[in-house]
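Rule-based calculations on the coordinates, nothing more; no lab input. Computed from a predicted structure; not experimentally measured. Virtual Cβ from ideal backbone geometry, glycine too; neighbours counted across all protein chains shown.
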Amino acid sequence: MKPTATLDRIDTPLFVAGALLVLVSLTAAVWMLSLGDVVTALGLGLLVASGLLLTGIGLSPDAATH
């Protein structure tokens, strides 16, 4: 059996940046929502969505072949 190297197909900087963006934005959105600032929490929700997209691009095998 041939071993598969899954880390070779992951664009690590994009994955890490996306994951950090999701975690920080989600934390800030929950904090703002607990303070009652719904509009800012919804705006930070857009950053969560963009972080998820960035993470998905980092996980794509095509992104590592640039």
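Distance between the pseudo-spin-label points of T40 and T12 (7 Å out from Cα toward the beta carbon): 3.6 nm.
Remark: segment 48-61, residue by residue, has Karplus-estimated 3J(HN,Hα) of 4, 5, 5, x, 5, 5, 5, 5, x, 5, x, 7, 5, x Hz, where x stands for each Gly or Pro and the curve is 6.51 cos²θ - 1.76 cosθ + 1.60 at θ = phi - 60°.
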